[in-house]
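Encoded as structure tokens, the structure appears first; notes follow it.
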Amino acid sequence: MFQPHLVQSREQVVDTMIDLTRLSNLHRTILAGSDSMELYLALRRRGLTRVATPTMCRIARGQHAIGLVAGQDSSSTIEGALNEISPFLSAHAAVAVLIDSRQSGSGVRIRSKLQQMGFQIEAGVRCQTGLVLSACRQDFRQMANAA
């Protein structure tokens, strides 16, 4: 059965992710998580054409400026999705992650995972379905070379 409140909450999450990452049609965007195909279709409906998932890309070359992770997954699954898109992200990439409101305490694990990957948390916005956390990576290649 069609449930308009679910559609509205999904649209709110997509709009929040777009706003937090400053996503435009010029950016290559990589998507992951159990809701990645729904997110893919929502972005395409908005006219964003440079959108892909890891299964659509043949070679991970660090050329995507934006990474989006969405789904009602556990924090370990979200961490896996972050690991999956990491090779596709550029040195100055931005990410947005939807953390489901039913996952108590998972925000801390995801936050530490993002920091471990070289991202600095910029903002968190509460939506109907959970928290959208955004982070930006500041020249990760220099950090990796220093280590």
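Test each condition in (1) farther than 14 Å from ARG28 by Cα; (2) modelled with pLDDT under 90 for ARG61 and report the one that comes out false.
(1)
Kindly indicate whether GLN128 is more than 20 Å from ARG10 (Cα to Cα) and over 13 Å from the mean Cα position of the chain (by Cα).
Considered against the rule, which asks whether it is more than 20 Å from ARG10 (Cα to Cα) and over 13 Å from the mean Cα position of the chain (by Cα), GLN128 comes out as no.
Here is a check on your reading of the model: is SER112 in a helix (DSSP H, G or I), farther than 21 Å from SER24 by Cα and either modelled with pLDDT of 85 or more or of a type in the set (Asp, Glu) (or both)?
Judged against the criteria, SER112 is a match.
For segment 44-53, indicate whether the set of residues that are at pLDDT 90 or above, closer than 17 Å to VAL14 by Cβ and assigned to a helix (DSSP H, G or I) is non-empty.
Yes, segment 44-53 has at least one match.
Exactly one condition in (1) at pLDDT 90 or above; (2) surrounded by 18 or more Cβ atoms within 10 Å (Cβ to Cβ); (3) β-branched (Val, Ile, Thr); (4) not in a helix (DSSP H, G or I) is not met by ILE99; state its number.
(1)
Yes/no per residue for (1) more than 17 Å from ARG137 (Cβ to Cβ); (2) surrounded by 19 or more Cβ atoms within 10 Å (Cβ to Cβ):
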{"site": "VAL13", "(1), (2)": "yes, yes"}
{"site": "MET17", "(1), (2)": "no, yes"}
{"site": "ARG22", "(1), (2)": "no, no"}
{"site": "ILE30", "(1), (2)": "no, yes"}
{"site": "ALA42", "(1), (2)": "yes, yes"}
{"site": "ARG46", "(1), (2)": "yes, no"}
{"site": "GLY62", "(1), (2)": "no, no"}
{"site": "ALA65", "(1), (2)": "no, yes"}
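Results for (1) under 15 Å from the mean Cα position of the chain (by Cα); (2) at pLDDT below 90; (3) outside any helix (DSSP H, G or I), shown as yes or no for each residue.
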| position | (1), (2), (3) |
| --- | --- |
| SER34 | yes, yes, yes |
| ILE66 | yes, no, yes |
| ILE78 | yes, yes, no |
| ALA81 | yes, no, no |
| VAL95 | yes, no, yes |
| GLN120 | yes, no, yes |
| SER134 | yes, no, yes |
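The values are calculated or read from the model by the stated rules, or taken from the named source; none is laboratory data. Every value quoted in this text rests on a predicted model; they were computed, and no experiment measured them. Neighbour counts are summed over all protein chains in view; Cβ atoms, including those assigned to glycine, are modelled from backbone coordinates with ideal geometry.
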